Amino acid sequence: MAVDEISGLELESREFISEKLDRTLISENGNREQKSKWHRKKLSPENGREHPRALIPELCRQFYRLGWVTGTGGGISIRLNEEIFVAPSGVQKERLQSNELFVIDIDGQIKQSPPSELNLKRSECTPLFLLAYRHRNAGAVIHSHSINAVLASLIDPSAKEFRVSHQEMIKGIKKGSSDENHRYFDTLIVPIIENTAFERDLTEQLEKAISSYPQTNAVLVRRHGVYVWGKTWQQAKTMAECYDYLFDYAVQLRKLHIQPCPSSPE
């Protein structure tokens, strides 16, 4: 019997495939031959590579290395059918484990909680995540505390929008909930809302921004960070990376006294 290991996204326990060889089969011409009969241990959906319990801890480690979720800040949520998986509040995101996630429904009701002995509470971002699920039918929402997002919100401290144009990475951003991407010459607009003392108090502002800017997939929170969502976790991650690049790009341009949104092609 041979055992092949299936690599997962740093799951707490690994699944295996067992192979049972039947060496007694006889071919039609009388020659003995070997034929493998595979008996696979069925992988539980919760142990799959694409399940939120595997994805969220892995993505949090990636985002930590990018500086998006340091100091226990920031967060991520992924939707699977009718279940919404949310990272807890106040934990070291780079050390997050699969059993530490909360599972809620679209109304915010908790369906599954981490073990009580862990004494965890659900993310303060939860009401804000739910806005993207309800109003944009999102499949995932990322909340980043990236310094690039914070600085971009301060390029003009009185501005209500972040604008950038004539940049290749704009093409990685979807136009709202459609399948159409922005183009190089398009002006990408991200609304900016003002920070509050508590995360939950951002709910009204964020809901208004989502409603007022149907083509945006992100909202900047001044001196705080950014919320980004997409139809899938892959789309949300891709756009979050593109937005972060564009925020940094705009900040660097302003240092050179160059406008990030030129009026005509250069």
Item to complete: State which residue pairs qualify: first residue assigned to a loop (DSSP other than H, G, I, E, B) and inside region 126-152, second residue of a type in the set (Ser, Thr, Tyr) in any location, beta carbons under 6 Å apart, and separation of 6 or more residues or different chains.
Response: GLY139/THR232
Worksheet, complete the sentence: Among ILE155, ILE192, the single one that is in a loop (DSSP other than H, G, I, E, B), at pLDDT 95 or above and either within 18 Å of the chain's Cα centre (by Cα) or crowded, with 16+ Cβ neighbours inside 10 Å (or both) is ILE155
Worksheet, complete the sentence: Counting only residues in region 115-140 that are in contact with a helix residue (DSSP H, G or I) (Cβ under 9 Å, 6 or more places away or on another chain) and among the polar types (S, T, N, Q), the one surrounded by the fewest Cβ atoms within 10 Å (Cβ to Cβ) is identified as THR126
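To keep it simple, each residue is scored yes or no on (1) outside the structural domain of GLY139 (by TED's automatic domain parsing); (2) more than 14 Å from ARG61 (Cα to Cα); (3) among the basic types (Lys, Arg); (4) modelled with pLDDT under 95.
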{"residue": "GLY74", "(1), (2), (3), (4)": "no, no, no, no"}
{"residue": "ILE78", "(1), (2), (3), (4)": "no, yes, no, no"}
{"residue": "SER89", "(1), (2), (3), (4)": "no, yes, no, yes"}
{"residue": "LYS93", "(1), (2), (3), (4)": "no, no, yes, no"}
{"residue": "GLY108", "(1), (2), (3), (4)": "no, yes, no, no"}
{"residue": "LYS111", "(1), (2), (3), (4)": "no, yes, yes, no"}
{"residue": "PRO114", "(1), (2), (3), (4)": "no, yes, no, no"}
{"residue": "SER123", "(1), (2), (3), (4)": "no, yes, no, yes"}
Discussion item. Here is a check on your reading of the model: is GLY71 surrounded by fewer than 20 Cβ atoms within 10 Å (Cβ to Cβ), in a helix (DSSP H, G or I) and out of contact with any strand residue (DSSP E or B) (no Cβ under 7 Å at 6 or more places or on another chain)?
Written reply: yes
Worksheet item: Considering region 72-105 alone, what residues qualify as being free of Cβ contacts under 8 Å to residues at least 24 places away in the same chain and touching a Phe, Trp or Tyr at 6+ places or on another chain (Cβ under 7 Å)?
Response: VAL103
Discussion item. Can you go through GLY230, GLY172, GLY225 and tell me which one is on the phi > 0 side of the Ramachandran plot and of a type in the set (Gly, Ala, Ser)?
Written reply: GLY225
Discussion item. Among the residues of region 93-114, what is the count of those that are polar (S, T, N, Q), out of contact with any helix residue (DSSP H, G or I) (no Cβ under 7 Å at 6 or more places or on another chain) and not in a strand (DSSP E or B)?
Written reply: 3
Discussion item. Can you say whether ARG163 is of a type outside the set (S, T, N, Q), in contact with a helix residue (DSSP H, G or I) (Cβ under 8 Å, 6 or more places away or on another chain) and either in a strand (DSSP E or B) or at pLDDT below 95 (or both), as far as the supplied structure shows?
Written reply: no
Worksheet item: Quick one: how many residues across region 195-230 are within 30 Å of GLU168 (Cβ to Cβ) and either in a loop (DSSP other than H, G, I, E, B) or not assigned by TED's automatic domain parsing to the domain that holds GLY108 (or both)?
Response: 8
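The values are calculated or read from the model by the stated rules, or taken from the named source; none is laboratory data. Source: prediction; values computed, not measured. Here Cβ is always computed from backbone atoms with ideal geometry, including for glycine, and neighbour counts include all displayed protein chains.
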